[in-house]
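The values are calculated or read from the model by the stated rules, or taken from the named source; none is laboratory data. Everything quoted here is computed from the prediction, not taken from an experiment. Don't worry about glycine lacking a Cβ; one is built from the backbone with ideal geometry, like all the others, and counts go over all protein chains shown.
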């Protein structure tokens, strides 16, 4: 229930801000709706539903209701998920500097290390074969232009 | 009739071109593969493959995506029957009786009837699609802006009704999807909306990084954060051909499943998942021996598996004729077509007959290929289930990143995809359904233009939606649907159904 209050508040604020912002595009008239008309009502829809979610959740919390909605499962490995996100962001940064081949190899190597059951040899295989496969598919076959590294790869 | 045959023959000429035929087979094979693999469904796969379609032209892209969708329906049953884990969401219900049959040593007939049932339902549905597509597109031409608004609202309401979790949260997702669809330049006034001075946003948000983040990356994050143990049950598979008795019992369920699946698939908001549940419920109710359901009744495999295949074909009906995606899979298909500058709708059949009939013809071929290929290859699919997730997930993540980049050669899209991945992960954990968001995002631009034009037409009065017969009926249906969810008994049943379906 507390999670619902939190997410509801978040979406409520988002919807309200969007609606206010959209008014700036010009709502127009009903006979001739402007650029802000549709996003304004989109924002209002989000904000009002989010308000109802918060209200609903807080009423139930007060009435002592618990767990009529299943609580999200525990996330024992959340640091690994965070590391995956960081790796993806780092990959984007690396691509611009190190080029496709090196960044792909390094990122896949790092990602595969997040599961302790994978051996170093296994990680090297995943990264090596993976980078080669992606290079074949996207660079050779599809001709996508990636930034190149100083080494020209 | 003769006209349709002629057009279909031309379609076969398109579908049989070596390139297109290969894409059809490739789509069917990839679809089966991801159908078999639990945790990777057709939606995530199409998201992953979206960048590959850029180099193949709209017809090839559509042929391949169609193959993936119905291929996944074939593949999903394999995992359900052998492992008691649904390979993808539309095969959840098949676990009940399919796995029970496998435990009784009848995995072969269960797999066999699922494949034959899928083939029969798939082919019959393509036949139905062939016959009704042209007249329906003709009818759709009579639709003006208010009719479109009503039809799209009904579609959104149906999706909300069927979304897992609370209706309010689903409405939040609708709002967010519509809001995100307005990012970029307004086509009427030229005003820039929500661009915050970022040049990349001026063309609007791309659907590619969005769905790769929401479905590809977020799925990996969920699996990494809370790993699920998967135990491969050892099952010997033999005697794939169902016995005469099996056939006798499966005939009617396959027939009914086909009709239910096609109709529910063609309905906005419907699709493969709903129709497989509906088919199971109906078979159980009609059966003279409902007590054997859940204990290895072949009817409980034949019906739903036929229904989900029929639905995957049926859901092309509203897209190809009205230009409205009826579910999330079709939303992605539509996104892929729009990238190529093809707008699906009533004019498609006249403007691009090669594409229209080529895709339909490819569905006949794909269904045959799936039947011929899959039965002998079941042993191979079982091997695929042994690939550990720790090997797959780095590949999936990099694929998403490289795929997002390759659409516009833009690193911004990679960041965007990562952000959507995190958002999707958090949303799913709190009961917000990303699929609803994407559907609203795809429908958004058409809905906005139709709504603005309708109001212009009606001189600012909303009565234009109730004085015309078609919008009136559609909107009344939508209102009845949402009101009915508020009735406790129906609300409970809705929640029970979507909770059971919420596995993929």
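Worth a mention:
- Residue in the range A:79-92 that is more than 11 Å from chain B (Cβ to nearest Cβ), more than 30 Å from residue A:3 (Cα to Cα) and modelled with pLDDT of 80 or more present: no
- Each residue in the range A:38-52 was checked for being at the interface with another protein chain (Cβ under 7 Å from one of its Cβ atoms) and either surrounded by fewer than 23 Cβ atoms within 10 Å (Cβ to Cβ) or not in a helix (DSSP H, G or I) (or both), and 2 of them qualify.
- Flag for residue B:122 being at pLDDT 85 or above, crowded, with 23+ Cβ neighbours inside 10 Å, more than 14 Å from chain A (Cβ to nearest Cβ) and out of contact with any strand residue (DSSP E or B) (no Cβ under 8 Å at 6 or more places or on another chain): yes
- Here the condition is being closer than 26 Å to residue B:317 by Cβ and surrounded by 24 or more Cβ atoms within 10 Å (Cβ to Cβ); of B:252, B:302, it holds for B:302 alone.
- Verdict on residue B:482 being modelled with pLDDT under 80 and under 25 Å from residue A:53 (Cα atoms): no
- Hits in the range B:396-410 (condition: surrounded by fewer than 18 Cβ atoms within 10 Å (Cβ to Cβ) and at the interface with chain A (Cβ under 7 Å from one of its Cβ atoms)): B:409
- For the range A:1-37, a residue qualifies if it is more than 7 Å from chain B (Cβ to nearest Cβ), closer than 17 Å to residue B:430 by Cβ and in a helix (DSSP H, G or I), and the qualifying residues are A:2, A:4, A:5, A:6, A:8, A:9, A:10, A:12, A:13, A:14.
Residues are listed down the side, and each one gets a yes or a no for (1) in a helix (DSSP H, G or I); (2) under 29 Å from residue B:148 (Cα atoms); (3) more than 9 Å from chain A (Cβ to nearest Cβ):
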residue: B:332; (1), (2), (3): yes, yes, yes
residue: B:336; (1), (2), (3): yes, yes, yes
residue: B:341; (1), (2), (3): no, yes, yes
residue: B:349; (1), (2), (3): yes, yes, yes
residue: B:366; (1), (2), (3): yes, no, yes
residue: B:370; (1), (2), (3): yes, no, yes
residue: B:393; (1), (2), (3): yes, no, no
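- Taken over the range A:96-142, residues that are assigned to a loop (DSSP other than H, G, I, E, B) and more than 8 Å from chain B (Cβ to nearest Cβ) amount to 3.
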